[in-house]
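Have a look at the structure below, then the notes.
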Amino acid sequence: MSASNPIRAGVLTVSDRCSRGEATDTSGPALCELLRAKLGATIVATRCLPDERDQLAACFIEWSRADAGIDLILSTGGTGLAPRDVTPEAALSVFERQHAGLMELARLRCLSKTPRTFLSRGVAGTIGRTLILTLPGSLRGSTENLEALLDILPHAIETLRGEVKDDGRPDAAPSSAPGEKVIRHAR
């Protein structure tokens, strides 16, 4: 991403204990720092909510409004097998388009570190031009899953923004549309 048009991100921590002030959120701040350091992202929203499906779904919708201007929403927490882990269900209830491959790629890339990566039920999808990733709640799990996707997130965001003309033709050229790019794939 260019410095003039950085990724605008929101980070949502999902934790009953953190939302009540009984625990300190470490994953949310770590994800914010990774986004800034590795992607040059601007963090425009952060929030901590309890494991309540309706509240989570409402936050995903609010942050995905066009006037919010958020390109990427990361949630951390609520993706496991505990009875109150409902983040995937909240996200799936509001996605316009699901993108299962992103979280499958994250899990595959994290497998060499721990097979527990497959205990996360994290999902990915879009609402409008906003990409949403639901990451594990642990500091290690959330940061490793994000790191596993850092190489492809800029292209995903540019594509969602409508900035990429990527039709695979060797003679492809950008149109006169402002900011349009042609991505050349290595063979």
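Read-outs throughout are calculated quantities, based only on the coordinates presented, and are distinct from any laboratory measurement. Because the structure is a prediction, the values reported are computed rather than measured. Every residue, glycine as well, gets a Cβ built from its backbone with ideal geometry; the counts of neighbours run over all protein chains shown.
Compute the signed sum of charges (Lys and Arg +1, Asp and Glu -1) over the other residues within less than 10 Å, Cβ to Cβ, of residue 114. Surrounding charge for residue 114 is +2.
Quick one: in segment 8-182, what % of C-alpha pairs are over 25 Å apart? Within segment 8-182, distances greater than 25 Å cover 30 percent of Cα pairs.
Compute the Rg to Rh ratio over segment 1-88 from the alpha carbon atoms, using the Kirkwood formula for Rh, and round to two decimal places. The Rg/Rh ratio comes out at 0.99. Each Lys and Arg Cβ is given +1 and each Asp and Glu Cβ -1; about its Cα centre, the chain then shows a dipole of about 400 debye. Applying the criteria of a DSSP loop state and at most 14 other Cβ atoms within 10 Å to the GluC sites (Glu not before Pro) of segment 62-136 yields 96.
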